[in-house]
């Protein structure tokens, strides 16, 4: 059936996906292309910007035929966050590798900034703890390695930015960055919603090199070079991937919290602007971020967990089994028999933000087999999410249900344990590819195909897992986990 279409491109860490969505919200086409990661040194993770652009072109060609291409009225773009690249402002040519959000090479940059006492002001203004995950230290590292770029950056000849800004630059026109992605750079005042001169100065990033910040519905340059899509199609929406997933869940007010279970995990929910002061979401160790900006900026809290699905892959490889076999082993156990795995590979993220923490297994003894270890690996995902929600609730923020998505959520055992540990219903969505779907929804709003009211009333289905464990048992299990975390952090285990 003929009708207008929305094209959503979701550029992620390991692949780029594309959804073609009709005016009724149904997916009528899709494409996917892998994107490689390079690890030239221990702790370094980088990507090729040209490969990322090529993958976007490839998925569009896969999703569209000639007829569908003519019917696309709006394009949405969802992207991985925090990754950083420098490109030529005039040509769009990438001048550096993309330093991935997973990259840890800038720990020394962060340590030097921390040593002179800038950590608190960075946290207060950006809403983010000083950490190698975010873009600012990556920008500093890239500029330091190519001195000629520093002069070009001061002159405004090059741009420094996130993946959305780089991909948009390939369409031509003024360099722009979407506000939610800008809020993940650590160069952005999250409450004022603008680049901050003091933060730029602390990291030594020239203001002239920064793209202009625009809202999540633009204005953006129109498309160019995405054959068979005609040049000149409006880009109706751009969002950071986790923010887009929250939007796809329909979490448009405080209360529902989204937890994406991917390589790591992003735990995010909206906060009242009145409760957000000076870049603080009110919960120690939890970030304040800009979720999206349609009319006014909408703020959210977020806890970034470094290792979720990657923990399962590591544990499976260690035991010489597949991830499904790991899950099958875990399913033979009613609990982990006191074994806890704290997956602090490269340190711990929220709410601890402890780069010195080490991956730790506690509770091993004679008689412990592979099965409790497997169970502990799966349980670690739920415990880390519970850590974030405990910090959020301690601040007085509202958490009434947990909306989950991602590969590990397909495991019922993981979901039930998660509900038991977080103490609220866990709702597993039936909607796949949420990052692409969320930005498709917003791009459809820009084109007049959807309204926010209609989106808020969508029946998203899903399966609910209710907490079943007694409160005393939950507290005991959480206390044992806390002792394991303290070991991983080299602290007292009492």
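The values are calculated or read from the model by the stated rules, or taken from the named source; none is laboratory data. These numbers were taken from a predicted model, which means no experiment stands behind them. Reconstructed Cβ throughout: ideal geometry from the backbone, glycine too, with neighbour counts over all protein chains shown.
Check the stretch 5-22 and report whether any residue there is touching a residue at least 60 places away in the same chain (Cβ under 8 Å), surrounded by fewer than 19 Cβ atoms within 10 Å (Cβ to Cβ) and over 18 Å from residue 245 (Cα atoms).
no
Would you say residue 194 is touching a helix residue (DSSP H, G or I) at 6+ places or on another chain (Cβ under 6 Å), at pLDDT 95 or above and farther than 30 Å from residue 59 by Cβ?
Considered against the rule, which asks whether it is touching a helix residue (DSSP H, G or I) at 6+ places or on another chain (Cβ under 6 Å), at pLDDT 95 or above and farther than 30 Å from residue 59 by Cβ, residue 194 comes out as no.
Does residue 393 count as under 19 Å from residue 256 (Cα atoms) and surrounded by fewer than 21 Cβ atoms within 10 Å (Cβ to Cβ)?
Yes: the conditions hold for residue 393.
Could you tell me whether any residue of the stretch 92-104 is surrounded by fewer than 17 Cβ atoms within 10 Å (Cβ to Cβ) and in contact with a strand residue (DSSP E or B) (Cβ under 8 Å, 6 or more places away or on another chain)? It would help to see each step written out before you state the result.
Of the stretch 92-104, the ones surrounded by fewer than 17 Cβ atoms within 10 Å (Cβ to Cβ) are 93.
Then drop every residue that is not in contact with a strand residue (DSSP E or B) (Cβ under 8 Å, 6 or more places away or on another chain), which leaves 93.
Yes, that holds for at least one residue.
Farther than 17 Å from residue 48 by Cα, assigned by TED's automatic domain parsing to the domain that holds residue 204 and out of contact with any strand residue (DSSP E or B) (no Cβ under 8 Å at 6 or more places or on another chain): which single residue out of 77, 130 fits that description?
130
Any residue in the stretch 356-368 that is touching a residue at least 40 places away in the same chain (Cβ under 8 Å), crowded, with 16+ Cβ neighbours inside 10 Å and closer than 29 Å to residue 121 by Cβ?
Within the stretch 356-368, one or more residues are touching a residue at least 40 places away in the same chain (Cβ under 8 Å), crowded, with 16+ Cβ neighbours inside 10 Å and closer than 29 Å to residue 121 by Cβ.
Taking residue 242, is it at pLDDT 95 or above and in a helix (DSSP H, G or I)?
no
Across the stretch 396-409, which residue is surrounded by the fewest Cβ atoms within 10 Å (Cβ to Cβ) among those that are touching a strand residue (DSSP E or B) at 6+ places or on another chain (Cβ under 8 Å) and not in a strand (DSSP E or B)?
Selected residue: 407.
Report the residue count in the stretch 197-237 for those that are surrounded by fewer than 21 Cβ atoms within 10 Å (Cβ to Cβ) and either in a loop (DSSP other than H, G, I, E, B) or modelled with pLDDT under 95 (or both).
Residues flagged as surrounded by fewer than 21 Cβ atoms within 10 Å (Cβ to Cβ) and either in a loop (DSSP other than H, G, I, E, B) or modelled with pLDDT under 95 (or both) within the stretch 197-237 amount to 15.
Out of 376, 371, 386, 382, I need the residue that is touching a helix residue (DSSP H, G or I) at 6+ places or on another chain (Cβ under 9 Å), assigned to a helix (DSSP H, G or I), surrounded by fewer than 22 Cβ atoms within 10 Å (Cβ to Cβ) and at pLDDT 90 or above. Which one?
After ruling out the rest, the residue left standing is 371.
Restricting the stretch 257-280 to residues that are over 27 Å from residue 313 (Cα atoms) and surrounded by fewer than 22 Cβ atoms within 10 Å (Cβ to Cβ), which is modelled with the highest pLDDT?
272
In the stretch 121-161, which residue that is under 14 Å from residue 93 (Cα atoms) and buried (at least 24 other Cβ atoms within 10 Å of the Cβ) is nearest to the chain's Cα centre (by Cα)?
Ranking the qualifying residues of the stretch 121-161, first place goes to 161.
Within the stretch 304-324, is even one residue over 30 Å from residue 186 (Cα atoms), touching a strand residue (DSSP E or B) at 6+ places or on another chain (Cβ under 9 Å) and either assigned by TED's automatic domain parsing to the domain that holds residue 123 or in a strand (DSSP E or B) (or both)?
Within the stretch 304-324, not a single residue is over 30 Å from residue 186 (Cα atoms), touching a strand residue (DSSP E or B) at 6+ places or on another chain (Cβ under 9 Å) and either assigned by TED's automatic domain parsing to the domain that holds residue 123 or in a strand (DSSP E or B) (or both).
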